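Take a look at the structure below.
We did not get these values from a lab; they are worked out from the coordinates using the rules stated. Bear in mind that the values here come from a model prediction, so they are computed numbers and not experimental data. Virtual Cβ from ideal backbone geometry, glycine too; neighbours counted across all protein chains shown.
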Amino acid sequence: MPKIMMAFPQGKHKVLTMSYDDGQTADIKLVEIFNKYGMKGTFHLNSGMLGTDGRIAEEEVAALYRGHEVSAHTLTHPTIARCPREQIIEEIFEDRKRLERLVGYPVRGMSYPNGSYNKEIKEMLPYLGVEYARTTQSTGQFAMPDDLFEWKPTCHHNTDLMNVAETFVNLNKKQYLYMMYVWGHSYEFDHDHNWPLIESFCEFIGNRLDIWYATNVEIVDYLKAFQNLKFSASCQFVYNPSALSVWLQVDNHIVEVKGGSQIAFTS
């Protein structure tokens, strides 16, 4: 039986994703930096607050975040673990609907406002069309998520970011998959006067051939595409029913399984 392991696109074993909340106008500068260095970001927006208190206007959303991901953050940013179910449903579902009208694609993820969530909220999310949700509890680690509804980031950008990045870049054991997940708020760079931090980080870690730069939902889609692969009982061949290509490491060789195709593994 061949030894098979999941790889990231093009056979890579590291992924970097960036996650920023609230949709403040400082996102304009942050997106510009991301685009300059080939980074991918997920931006969690409160649609009921767009155009107020220094936030991005509705008419700016589609163009500004093109090439990145717009994700939910609830309609008005309440501490949802303290709210009744009816309000939680309204806050999440209405946020999705309003954001989808702006960007023209399904909004399928969120970050918890004020980091607030509980078991009941997690169990509600699939029924509200939400496929992942990010917390504010950093791990300092590079592990893949084991619970997409309690997705814990690696670090906030103010937590020793450059040293964390250097450690990530130097990871080279290909028997593992590594994910660096950075979160924060773009307005913090204004408040803390540290825009050079994120610029230096992106310059250092961006445009590397061994890193997959992905939005949150792109990672989710890829993980699900791998999980949906249909292997024969002997693992001698596999069928990919999804539209996405999935890359596998098969006996130390990288193999692409294109969407809708079946391939046999040869020794």
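Side notes on the structure shown:
- Lys/Arg +1, Asp/Glu -1 at C-beta; region 13-224 dipole; positive extreme among Asn35, Leu223, Gly206: Leu223
- Fully extending the segment from Trp195 to Ala243, taken as 0.36 nm per residue of separation minus the present Cα-Cα distance, adds 13.4 nm.
- Full-stretch length increase - Asp160, Asn118 - with 0.36 nm per residue and alpha-carbon distance subtracted: 12.3 nm
- Highest-MSF residue in the chain out of Ala214, Ala62, Ala243 [GNM, Cα springs under 10 Å]: Ala243
- Bridges between two residues of the chain, per DSSP, are antiparallel at a rate of about 40%.
- Whole-number percent relative contact order across region 13-224, with pairs defined as alpha carbons under 8 Å at least 6 apart: 30 percent
- In the chain, a dipole from Cβ-located charges (positive for Lys and Arg, negative for Asp and Glu) runs towards its positive end, and of Gly104, Ala57, Gly259 it is Gly259 whose Cα lies farthest in that direction.
- With a simple spin-label model that places each label point 7 Å from the Cα along the Cα-to-Cβ direction, the separation between Thr25 and Glu256 comes to 4.4 nm.
- Degrees between helix 195-205 axis and first principal axis of the chain (Cα, 0 to 90, nearest 10): 10 degrees
- The chain: calculated mean residue ellipticity at 222 nm from DSSP helix runs of at least 4, using -39500 (n - 2.57): -8500 deg cm²/dmol
- Distance distribution note for region 13-224: the fraction of Cα pairs above 31 angstrom is 15%.
- Assuming charge only on the beta carbon of Lys and Arg (+1) and of Asp and Glu (-1), the dipole of the chain about its Cα centre is about 1060 debye to the nearest 20.
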